[in-house]
Amino acid sequence: MRIPWLAIGLFVSLALNLFLIGAAAGVIALGLRMARENGAAGALMAATHDLPQPDRRDFRQMLASERAAAAPDAQRSRTFRAAAWSALAEPKPDVAAIKSGLEESRRIDIGVRTRVEQRIVDYVAGMSPASRAIFAAGMRKALTPSGEPVPAPTSTTPAANAAARP
């Protein structure tokens, strides 16, 4: 008994469709994973990648709460920036007011960054020495441009710097 060509064609079509659906799902999953790992706080997420699980989870929860606390200031900054850039479209733009709006936006951004960085330093300083070393190495790696060697750890304490001098 011969299998009709139509049945063979349907089977090949089904196999090809299943393969394409699986490939698309894989691409979507990979894209979502990459977006999650390289989001707004990409360097911080990369720096915590090698931390032991309780430290990683707790750090990321702390970072999420800091992000939520900073959201109103970030929105104010965006509002100042949008208003300033929009003012350029006016027939006679007030250049001083535009520059002032952009300056206020930068001031807010710097304040948010300062608060978040201070919170991170305080939090990481309370971790175990091993976890602090892992986090510091992760930050050095995350902040090093691609293709460049990761810099060796350095100390910013005056005593350590003096001891390193010949």
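The values are calculated or read from the model by the stated rules, or taken from the named source; none is laboratory data. Just so you know, these numbers come straight off a predicted model, no measurement behind them. Here the Cβ positions follow ideal geometry from the backbone for every residue, glycine too, while neighbour counts run over all protein chains shown.
A compact table of results
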item	result
Output for region 103-122, where each listed residue is exposed (fewer than 15 other Cβ atoms within 10 Å of the Cβ) and either among the β-branched types (V, I, T) or over 20 Å from A64 (Cβ atoms) (or both)	E103, R106, R107, I110, T114, V121
Test for R60: is it surrounded by 11 or more Cβ atoms within 10 Å (Cβ to Cβ), at pLDDT 85 or above and either closer than 27 Å to A47 by Cβ or among the hydrophobic types (A, V, I, L, M, F, W, C) (or both)	yes
Subset tally (residues that are at pLDDT 70 or above and under 21 Å from F59 (Cβ atoms)) for region 134-158	12
Pair list, Cβ < 6 Å and 6+ apart or interchain, from region 82-93 residues that are touching a residue at least 60 places away in the same chain (Cβ under 8 Å) to residues that are among the β-branched types (V, I, T)	none
Selection within region 94-127 - assigned to a loop (DSSP other than H, G, I, E, B) and free of Cβ contacts under 8 Å to residues at least 60 places away in the same chain	D94, G126
Residue check for A43: in contact with a helix residue (DSSP H, G or I) (Cβ under 8 Å, 6 or more places away or on another chain) and modelled with pLDDT under 80	yes
Exclusive hit being modelled with pLDDT of 90 or more, within 25 Å of M62 (Cβ to Cβ) and out of contact with any strand residue (DSSP E or B) (no Cβ under 7 Å at 6 or more places or on another chain), set S131, S100, S105	S131
